[in-house]
Amino acid sequence: MHSKQIYLSNIGEITITRNRLAVRFKITVKPDGKIGVTIPWMASFASGEKFISGHLNWIAKTKEKQAEKHFSRKLIQPGRIFSTRNYHYRICPADLTIPRIKYAEKEKEVLFEYPADKIIESYEVQNSLKQMIENVLRFDARLYLPARIAELAANLGYSYNKMTIKNNKTNWGSCSIHRNINLNLHLMRLNDRLIDYIIIHELVHTVIPDHGKEFKATMQKHFPDTAEIDKELKKIKTGIY
């Protein structure tokens, strides 16, 4: 047996797992409240339980912090959450057992439905909706970004090797030394001018790799209001929430 579940009244269920690569005892408290304890392969489950008993206060406090963090952030709520160039994104409850995606092509709307008997603020529902939204955003981005970057590059005299759409957490885009450009699928939540600004920013990097005076001067030629756009972008998170 590689794992064992125990239940503690004030903590909940804890899974103890023996791992061949583990060299020490380790506790993990996930955002959804699930608790896992990894122990070395040759250690006994009894030793794992003893380790847990010595860290009950830490586990309880960490669970509490995870819960506070979850409910302090902006949560996805029913209704229209945003629109892209192609679709309106709407969250709504429905009579079903698992979340699903529905396209209403006539209304250009994507419906993200979740079970009506589930609490939308729960980690399970929030995580499912977030993943579905990001999957559709990736599809949405593929409809527009490849053609748009090719058009801008041709019009402005830039060239690049290849373009990839990614779910970046910390930036809107990037350009490698090989002139490969990554664009964030969350660009689709921005207006057309901001999308073009990010794309051109990365295209300029195919010629000027740093953010020095030459780069800033080149961006200024393309967008005289560069400073204002930068301020606007700083106010927008790259993730959904």
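Here Glu202 meets each of (1) buried (at least 19 other Cβ atoms within 10 Å of the Cβ); (2) in a loop (DSSP other than H, G, I, E, B) with one exception, condition (2).
Please determine whether any residue of region 164-175 is basic (Lys, Arg), crowded, with 19+ Cβ neighbours inside 10 Å and under 27 Å from Val110 (Cα atoms). Steps first, please.
Within region 164-175, the first condition is being basic (Lys, Arg), and the residues that meet it are 166, 169.
In the following step, the residues that additionally are crowded, with 19+ Cβ neighbours inside 10 Å were identified as none.
Scanning region 164-175, I find no residue that is basic (Lys, Arg), crowded, with 19+ Cβ neighbours inside 10 Å and under 27 Å from Val110 (Cα atoms), so the answer is no.
Ser128 meets the stated requirement of being of a type in the set (Ser, Thr, Tyr), assigned to a helix (DSSP H, G or I) and within 25 Å of the chain's Cα centre (by Cα).
Please verify whether region 75-91 includes one or more residues that are among the charged types (D, E, K, R) and in contact with a His (Cβ under 8 Å, 6 or more places away or on another chain). Yes, region 75-91 contains at least one residue that is among the charged types (D, E, K, R) and in contact with a His (Cβ under 8 Å, 6 or more places away or on another chain). Every condition in (1) surrounded by fewer than 11 Cβ atoms within 10 Å (Cβ to Cβ); (2) part of a loop (DSSP other than H, G, I, E, B) is met by Asn86 except one, and the failing one is (1). Of all residues in region 89-101, those that are among the β-branched types (Val, Ile, Thr) and either surrounded by 12 or more Cβ atoms within 10 Å (Cβ to Cβ) or part of a strand (DSSP E or B) (or both) total 2.
Taken over region 1-28, the criterion of being within 20 Å of Ser122 (Cα to Cα) and modelled with pLDDT of 90 or more is satisfied by Glu13, Ile14, Thr28. The residues of region 7-32 that are surrounded by 12 or more Cβ atoms within 10 Å (Cβ to Cβ) and either in the same structural domain as Tyr123 (by TED's automatic domain parsing) or of a type in the set (Phe, Trp, Tyr) (or both) amount to a single one, Phe25. Scanning region 59-84 for residues that are without any contact (Cβ under 8 Å) to a residue 40 or more places away in the chain and under 30 Å from Lys26 (Cβ atoms) yields Lys61, Thr62, Glu64, Lys65, Gln66, Ala67, Glu68, Lys69, Ser72.
Within region 155-171, take every residue that is part of a strand (DSSP E or B) and either charged (D, E, K, R) or over 23 Å from the mean Cα position of the chain (by Cα) (or both) and give me the one that is nearest to Thr206 (Cα to Cα).
Of the residues in region 155-171, the ones part of a strand (DSSP E or B) are 162-166.
Subsequent filtering for residues that are either charged (D, E, K, R) or over 23 Å from the mean Cα position of the chain (by Cα) (or both) retains 162, 166.
On the way: Lys162: 11, Lys166: 18 Å.
Taking the candidates together, the pick is Lys162.
Considering the conditions (1) in a helix (DSSP H, G or I); (2) surrounded by 13 or more Cβ atoms within 10 Å (Cβ to Cβ), Ala147 is excluded by exactly one of them, (2).
The C-beta contact set for region 85-101 (first residue within 11 Å of Ile133 (Cβ to Cβ), second residue hydroxyl-bearing (Ser, Thr, Tyr) and not in a strand (DSSP E or B), distance under 6 angstrom, 6+ apart or interchain) comprises Pro99/Ser128.
Here Asn171 meets the list (1) modelled with pLDDT of 95 or more; (2) touching a Ser or Thr at 6+ places or on another chain (Cβ under 8 Å) almost entirely, failing just condition (1). Name the residue, out of Glu68, Glu49, Glu64, that is closer than 16 Å to Tyr7 by Cβ, of a type in the set (D, E, K, R) and not in a loop (DSSP other than H, G, I, E, B). Only one candidate passes the filter, namely Glu49. The single condition among (1) part of a helix (DSSP H, G or I); (2) under 20 Å from Ile229 (Cβ atoms); (3) in contact (Cβ under 8 Å) with a residue 40 or more places away in the chain that Val136 does not satisfy is (2).
The values are calculated or read from the model by the stated rules, or taken from the named source; none is laboratory data. Predicted model only: the values in this text are computed from it and were never measured. Neighbour counts run over all protein chains shown; Cβ positions are idealised from the backbone, glycine included.
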